[in-house]
Amino acid sequence: MHRFGIDFRVTGDLQWRSNDMGPAIPFLTVGNADANVGSQFDGGAMRCTLVFVATSALLIATAAPAQTPDPNLARSIAATCANCHGTNGVSRGDIASLAGTGKDDIVRKMQEFKSGARPGTIMPQLAKGYTDTQIELAAGWFAAQKAAK
């Protein structure tokens, strides 16, 4: 019978760090880690493995809360249409204005472009780059804008 025992101790501190990309997430700064392995295993390799396992468990247990949705997401998606359809969806040229157009109408047309059922020069390719959720958000934003005069 072979007995195997581990005495593991980590000293350090938990810090919360954040950047401009999202909420703070925990980082474990390890000051000292000791592994006492009661077998023929290499203590250094075991120490690294145990520090990794302990850190992973800590990160999973203290996962950052879900991010709140960006209140400007719909506007940001709609802004990608400004080159052709004008600022805030009010076109200054021959291309149709989107401002004040019904949400369902915009969604239907975008889905037709996306599926290839509606012909166009550039819109079929552009429409394929948006998810259904992004199309819904942009269409809702344009529907809420003042119609072109």
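Answer yes if at least one residue in the stretch 96-111 is on the phi > 0 side of the Ramachandran plot and at pLDDT 95 or above, and no otherwise. There is at least one residue in the stretch 96-111 that is on the phi > 0 side of the Ramachandran plot and at pLDDT 95 or above. Mind checking which residues of the stretch 124-133 are surrounded by fewer than 17 Cβ atoms within 10 Å (Cβ to Cβ) and assigned to a helix (DSSP H, G or I)? Result: PRO124, GLN125, LEU126, ASP132, THR133. Taking the stretch 122-149 as the region of interest, how many residues are modelled with pLDDT under 95 and more than 16 Å from ALA82 (Cβ to Cβ)? Residues in the stretch 122-149 being modelled with pLDDT under 95 and more than 16 Å from ALA82 (Cβ to Cβ): 2 in total. Here the condition is being of a type outside the set (Phe, Trp, Tyr), under 29 Å from the mean Cα position of the chain (by Cα) and over 13 Å from ILE77 (Cβ atoms); of ILE95, ILE122, ILE135, ILE106, it holds for ILE122 alone.
Within the stretch 88-107, the set of residues being free of Cβ contacts under 8 Å to residues at least 40 places away in the same chain, in a helix (DSSP H, G or I) and surrounded by 13 or more Cβ atoms within 10 Å (Cβ to Cβ) comprises ASP105, ILE106, VAL107.
The values are calculated or read from the model by the stated rules, or taken from the named source; none is laboratory data. This one's a predicted model, so the numbers in the text were calculated from it and none came from an experiment. Note that we place each Cβ from the backbone using ideal geometry, even for glycine, and neighbour counts take in every protein chain shown.
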